[in-house]
Amino acid sequence: MRIRVRTAGVSPVDLALRAGDSPSRDGLALPHVPGADAAGVIDEVGAGVAGFTNGDDMFGAVDVARLGGASAEFAVPAFWAAKPSSMPWEEAGAAGTSAETATRALDLLGAGEGTTLLIDGAAGGVGSVAVQLATARGARVIGTTRPESHILLAGLGATPVAYGPGLAGRVRALGVPRVDLALDVAGAGSLEELITVTGTATVVTLADFTGPERGVRLSRGRYGGEPDGRHGLALAAALSAEGRVRIPVERVFPAARAAEAHAAAARGPRQGKIVIDLAGMRGAG
Ligand SMILES: NC(=O)c1ccc[n+]([C@@H]2O[C@H](COP(=O)([O-])OP(=O)(O)OC[C@H]3O[C@@H](n4cnc5c(N)ncnc54)[C@H](OP(=O)(O)O)[C@@H]3O)[C@@H](O)[C@H]2O)c1
């Protein structure tokens, strides 16, 4: 499937490449088209794609292994879902990898009705979606964020706590009977505290490569040979249409200011994703 892109989120892959800390950077061919997430209008449907047709609005993500390709006039998504008309384009453009990753992590943890889940890094791109999808599954969610984002996080459905050293004590102080599961989205060195809080090793990390040596599962999706969470996109779309999921977006930049968009995303702190509007580039509505 090929789409004419309207909006594209600035992704962690872009930021890692910019910071020069990706092992794949040396293999990057220049000129490079950044972006993993995109939303747009289907322009061409290939063999084997059912249920979608030219002119449909959709959102999704390109193959992350390509390290880019979404912030372009056209993109070829690797997974996607139909965009509900009620879902704003800027949210749709930023939703793909976050919905996939959050769904994969929640599936691995077994988050659902009756479970209490602690998410470290809960206000970020992946964390904010994980909070809402976990809540929709019936889980109780406690999430960490900086103090300025506690209201944002509470609005997404989580009980906010501050991140950083002493996390286990702050969670205990909430008086929650038990925390069953923990998800480390931030990779900020909290794994031992998360293990202490859950009292077990029912912890999954998305960003701390020391996880396996502590008995913590490091989820890497297709890189780790795991089932992916692409089924989460259709669910996120359905929940968005019901007003139960939203993708926090900090700012939308026109394509002509894409470099500023990347700088803003890298600079932080943010309250949501940075998105590039490519429709404006063509003067489209
Ligand atoms: N393994 C995978 O499959 C996979 C997939 C996607 C992403 N990732 C990785 O997951 C990570 C997060 O991605 P993202 O898109 O959610 O990034 P993001 O939007 O930049 O969010 C990161 C969050 O980390 C929080 N944070 C900063 N310092 C912290 C600390 N000391 N303790 C706890 N939280 C802290 C920030 O919270 P505040 O805003 O409250 O300061 C921020 O919201 C990245 O490293 C990315 O590469 C992994």
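Tabulated data
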{"item": "Residue ID - surrounded by the most Cβ atoms within 10 Å (Cβ to Cβ), chosen from residues in the range 87-103 that are over 21 Å from LEU206 (Cβ atoms) and among the hydrophobic types (A, V, I, L, M, F, W, C)", "result": "ALA92"}
{"item": "Selection status of ALA207, within 15 Å of the ligand (Cβ to nearest atom) and either touching a residue at least 24 places away in the same chain (Cβ under 8 Å) or within 28 Å of SER11 (Cα to Cα) (or both)", "result": "yes"}
{"item": "Only listed residue being crowded, with 21+ Cβ neighbours inside 10 Å, outside any loop (DSSP other than H, G, I, E, B) and within 16 Å of the ligand (Cβ to nearest atom), chosen from LEU15, LEU106", "result": "LEU106"}
{"item": "Residue check for PRO248: near the ligand (Cβ under 10 Å from one of its atoms), closer than 23 Å to GLY9 by Cβ, modelled with pLDDT under 95 and not aromatic (Phe, Trp, Tyr)", "result": "no"}
{"item": "Pair list, Cβ under 6 Å, 6 or more apart: the range 124-145 residue without any contact (Cβ under 8 Å) to a residue 40 or more places away in the chain and at positive phi, other residue of a type in the set (Asp, Glu) and more than 15 Å from the ligand (Cβ to nearest atom)", "result": "GLY138/GLU113"}
{"item": "Residue list for the range 76-86, filter: buried (at least 22 other Cβ atoms within 10 Å of the Cβ) and not basic (Lys, Arg)", "result": "PRO77, TRP80, ALA81"}
{"item": "GLY243 away from the ligand (no atom under 16 Å from the Cβ) and on the phi > 0 side of the Ramachandran plot", "result": "yes"}
{"item": "Considering residues of the range 163-219 that are basic (Lys, Arg) and over 22 Å from HIS150 (Cα atoms) only, the residue surrounded by the most Cβ atoms within 10 Å (Cβ to Cβ)", "result": "ARG217"}
{"item": "Some residue of the range 64-81 being closer than 25 Å to PRO31 by Cβ, part of a helix (DSSP H, G or I), under 16 Å from the mean Cα position of the chain (by Cα) and not small (Gly, Ala, Ser)", "result": "yes"}
{"item": "Selection from the range 237-266 of residues that are closer than 17 Å to ALA70 by Cβ and buried (at least 16 other Cβ atoms within 10 Å of the Cβ)", "result": "ILE247, VAL249, VAL252, PHE253, ALA255, ALA258, ALA261, HIS262, ALA265"}
{"item": "ALA94 within 17 Å of ASP63 (Cα to Cα) and either at pLDDT 95 or above or among the charged types (D, E, K, R) (or both)", "result": "yes"}
{"item": "Lone qualifier among GLY27, GLY60, GLY114, GLY35 - being of a type in the set (Gly, Ala, Ser), out of contact with any Lys or Arg (no Cβ under 8 Å at 6 or more places or on another chain) and modelled with pLDDT under 90", "result": "GLY27"}
{"item": "Test: residue in the range 271-282 that is modelled with pLDDT of 95 or more, of a type in the set (Gly, Ala, Ser) and closer than 29 Å to VAL41 by Cα", "result": "yes"}
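The values are calculated or read from the model by the stated rules, or taken from the named source; none is laboratory data. Owing to the predicted nature of the structure, the values given are computational and were not obtained by experimental measurement. We place every Cβ from the backbone using ideal geometry, glycine too, and count neighbours over all the protein chains shown.
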